[in-house]
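Below is one structure, written out as structure tokens; comments come after it.
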Amino acid sequence: MIEKILDLLNSKIVRISGASMEPTIPHGSFMLVNRRAYRDGRVPERFDIVRMENPETPGHWIVKRVVGLPGEEIALVDGKLLVDGVPVSGQHAQVADTSNQSWWPRDDEVVVLGDNRAASTDSRKFGPVRLSALRGRVGRRLR
């Protein structure tokens, strides 16, 4: 009954499996996902947490943080996140990974990273993600 009510409200409860978003979202957490957040051409904001289909494993859903928006130049340089050459401040901009990488997402793509960079498969491996692959914005933790 609760699931049907949530579906009517365009939300879905999902259980998070894995450590890629720890400590923000611990393994086993139940999260509320707004499935309509990115429909009708809406673009996520920087640092939104999104639910998306894994580009490497169709049918497998993953949760990541958006760090790069369409049309930007995104780089990881010596553990720092840069957008259009400018360092980004904030808790989610720090990267323990010291490898240097750059992306140039097209107008229909974003760059995503897991909060637990050491345990995350993300844009560092599969590159920018199409906006059409985003299935919702992850909201609050239910348990």
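The values are calculated or read from the model by the stated rules, or taken from the named source; none is laboratory data. Being a predicted model, the structure only gives us computed values, none of them experimental. Backbone-built Cβ (ideal geometry, glycine too); neighbour counts: all protein chains shown.
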Practice problem: For Val95, work out the one condition from (1) farther than 26 Å from Gly41 by Cα; (2) at pLDDT below 90; (3) surrounded by fewer than 18 Cβ atoms within 10 Å (Cβ to Cβ) it doesn't fulfil. | Solution: (3)
Practice problem: All but one of (1) assigned to a strand (DSSP E or B); (2) modelled with pLDDT of 90 or more hold for Ile13, so report the exception by its number. | Solution: (2)
Exercise. Could you grab me the full set of residues in segment 89-119 that are hydrophobic (A, V, I, L, M, F, W, C) and free of Cβ contacts under 8 Å to residues at least 40 places away in the same chain?
Key: Ala93, Val95, Ala96, Trp103, Trp104, Ala118
Quiz prompt | Residue identified as over 21 Å from Pro26 (Cα atoms) and hydrophobic (A, V, I, L, M, F, W, C) among Val129, Val138, Val112, Val95 | solution = Val129
Self-check item: So Lys64, is it more than 25 Å from Arg39 (Cα to Cα), of a type outside the set (Ser, Thr, Tyr) and in contact (Cβ under 8 Å) with a residue 40 or more places away in the chain
Solution: no
Quiz item: Applying the selection to segment 113-143, what residues are part of a loop (DSSP other than H, G, I, E, B), of a type in the set (S, T, N, Q) and in contact with a Leu (Cβ under 7 Å, 6 or more places away or on another chain)?
Solution: Ser120
Quiz item: If you go through segment 20-30 one residue at a time, do you hit one that is free of Cβ contacts under 8 Å to residues at least 12 places away in the same chain and closer than 14 Å to Ser132 by Cα?
Solution: no
Quiz item: Inside segment 7-31, can you point out the residues that are in contact with a helix residue (DSSP H, G or I) (Cβ under 8 Å, 6 or more places away or on another chain) and surrounded by fewer than 18 Cβ atoms within 10 Å (Cβ to Cβ)?
Solution: Lys12, Ile13, Gly18, Ala19, Glu22
Quiz item: Yes or no: Gly68 touching a Ser or Thr at 6+ places or on another chain (Cβ under 8 Å), at pLDDT 95 or above, more than 27 Å from Arg15 (Cβ to Cβ) and not β-branched (Val, Ile, Thr)?
Solution: yes
Quiz item: In segment 24-40, is there at least one residue being among the charged types (D, E, K, R) and either in contact with a strand residue (DSSP E or B) (Cβ under 7 Å, 6 or more places away or on another chain) or assigned to a strand (DSSP E or B) (or both)?
Solution: yes
